[in-house]
1. Between the range 190-269 and the range 321-353, what is the C-alpha centre distance in whole Å?
2. Which of the trypsin sites (Lys or Arg not before Pro) found in the range 396-475 are in a DSSP loop and have at most 10 neighbouring Cβ atoms, other than their own, within 10 Å?
3. In the chain, if the dipole is taken from +1 on Lys/Arg beta carbons and -1 on Asp/Glu beta carbons about the Cα centre, which of Ile390, Gly152, Phe416 is farthest to the positive end?
4. Extent of the range 104-183 along each principal axis, from alpha carbon coordinates, in Å, largest to smallest?
5. Which one, Phe445, Gly345, Ala227, projects farthest toward the positive side of the charge dipole computed for the chain from Cβ point charges (K/R +1, D/E -1)?
6. Would you list the membrane-span-like helices of the chain, meaning whole DSSP H runs whose alpha-carbon atoms span at least 24 Å along their axis and whose mean Kyte-Doolittle value is at least 0.5?
7. Expressed as a whole percent, how much of the Cα-Cα distance distribution for the range 137-253 exceeds 20 Å?
8. Report, by chain and number, residues whose modeled amide H sits under 5 Å from the one on Leu69, excluding near sequence neighbours (fewer than 5 apart, same chain).
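Quick note: the coordinates plus some simple rules give every number you see, no bench work behind them. Please read all numbers here as calculations on a predicted model, not as lab measurements. Because the Cβ atoms are built from the backbone with ideal geometry, glycine has one as well, and the counts that use them run over all protein chains shown.
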Amino acid sequence: MAETHPQSAPSPAAQTVAALVARARKAQAAIAKHTQAQLDELVTAAGWAIMEPGRNRMLAEIAVRDTGLGNVADKINKNHRKTLGLLRDLQGAISTGVLAEHPELGITEIARPVGVVAAVVPSTNPGATPANNIINALKCGNAVILSPSPKGCSTAAKLLEFIHAEFARIGAPADLVQTLPPPVTKELSQELMKQADLVVVTGSQANVRAGYSSGTPALGVGAGNVAVIVDESADLADAAGKIMRSKIFDNATSCSSENSLIIHAAVYERMIEALTDAGGALLTAEEKAVLQAAMFPGGKLSPAVTAQSVAKICAVAGLTRPALVNAKCLMVEEKNTGKAAPFSGEKLSPVLTLYKANDFDHAFSTLRAIYDYQGDGHSCGIHTKNNEQIQRLGMEMTVCRVIVNQAHAIANGGNFDNGLPFSLTMGCGTWGGNSFSENLNYKHFMNTTRIVRVIPPREPSVDDIFSAYRKKYGA
């Protein structure tokens, strides 16, 4: 007789998640026959839940209070702009029923939901990122379960309270949008990834790797470490204003915030002056060493300075020079890259690293060296009037976005004056260890079914395919 082994009972975490998923599937089944107009009403309701000014402010205040990251005014701005831009992107977009007819191919494309989405969201954007995920998922008729960071749980809970209030207004099932119960543990998050139909991860690389190894189809992001070239043709005052605006936004919580500037030697000193006029303060070599010790104890970025104001960073480091304490952004000069030069990496704080380049080739090689250390696949930028240099970055640099003459953190996730989709989740392609290279958008939350009909045969002859090749090589 074959030996049998009784199956072990599901863990408490597995049971908790299974109950959430069952409720999500029931809610999703209730909207399975929703028209496009009905799905769009769900989207609008979820959007208003975060954009209504009083709710927006409350979410921003809770986020800053409980995570200790960023600042209220910028989070209000982010919640508003990112959600409004996303809703603009989704207006008129088809996400259910027939997507397209291709009679010449005999193919009809039909949009279908992916199911229950597990959205793992970071503490840096605990309101805007989950709202973005929720709206994109609802657009395609899915249900969503959030896995917030421990510090972001309170923001997520309040966001869901607001969404459920809007759902009650329109008669939609509340369980379309849920969150893991606090305290959110690693075990709960991993169980959610296993039991969901799609995993979307924005945040740490550890969470991204967990998503990809969960056994569930996953969309995860790469590490940010944006570097931007400023060449001799740039409008320096314009570039400095945009860079400073981007760099200090929400105390640099964004993965798209400039971390390093590579400045052409011919304009290096003038660019520093322009940055200083815009609110930057350049550290001496001695001050840089003091800041490095405080920011990178043991070679790792300290949470004590992450997404903090310049005044707080100076207090942590013991820097007291008034020009530094009162600045909007601290600037350090660097020549090297890699672990031994930690300022060449991502800093998630209003600290900007400056490199001097002899020419564009030198700037390109410096950019390459920075991304060999950190940030490959994500994005880079340039301030220039030289289209050849822009084209070279697009053709040769291993990044998924090249941002030209714009405030990088504002533009990279979509802006009203560029064509990128509004998003807080940036795919970094195979260079960044990701399965996609776009800004995350509603199409990533959709399955496509294709009806395939017979068409007249289109079979080529062997000669049609090989004649030129055989003639050229005598094959």
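1. 16
2. Working: sites: Arg401, Lys443, Arg450, Arg453, Arg458, Arg470, Lys471, Lys472; in loops: Arg401, Arg453, Arg458.
The qualifying sites are Arg453, Arg458.
3. In the chain, that residue is Gly152.
4. 53, 29, 18
5. Checking the options against the dipole of the chain, the answer is Phe445.
6. 153-170
7. Cα-Cα pairs in the range 137-253 separated by more than 20 Å: 58 percent.
8. Correct list: empty.
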